[in-house]
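Peer 1: One structure follows; several queries about it will come next.
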Amino acid sequence: MNHLLLFGSVGASEVIIVALVVLLLFGGKKIPELMKGIGKGVKSFKDGMKGIEDDIKETNKEEEKK
């Protein structure tokens, strides 16, 4: 059984502690802005990856025509 251990064995207590620290650092009003910024960054990253995949597919099609 393969497991992707990105964060190791993170339990509920660790997640709660991290959430409390973020709340203390940024405050309640800044968290939605922070999450919106993170969402935009993830969307931009996905769009960039899709562009790279499209370029690779296009290059492969051109090579197959030769």
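Please treat every number below as a calculation from the coordinates, not as lab data. Computed from a prediction, not measured in an experiment: that's the story for all the values here. Cβ coordinates were reconstructed from backbone atoms using ideal geometry, including for glycine residues, and neighbour counts include every protein chain displayed.
Peer 1: Leaving out same-chain residues fewer than 8 places away, which lysines sit with a Cα under 16 Å from that of LYS30?
Peer 2: LYS40
Peer 1: Would you mind ranking GLU64, GLU33 by Cβ crowding within 10 Å, fewest neighbours first?
Peer 2: So the ranking, lowest neighbour count to highest, is GLU64, GLU33.
Peer 1: Further, regarding this structure: Hey, fewest Cβ within 10 Å first, where do ILE16, ILE31 land in order?
Peer 2: Starting with the residue having the fewest Cβ neighbours, the order is ILE16, ILE31.
Peer 1: Roughly how tilted is helix 12-65, in degrees to the nearest 10 and between 0 and 90, from the longest Cα axis of the chain?
Peer 2: 0 degrees
Peer 1: Compute the distance in nm between two label points, each set 7 Å from the Cα along the Cα-to-Cβ direction, one at ASP47 and one at MET35.
Peer 2: 2.2 nm
Peer 1: Between ILE17 and ASP54, what is the spin-label point distance in nm, taking each point 7 Å from the Cα along the Cα→C-beta axis?
Peer 2: Going by the 7 Å Cα→Cβ label model, 4.5 nm.
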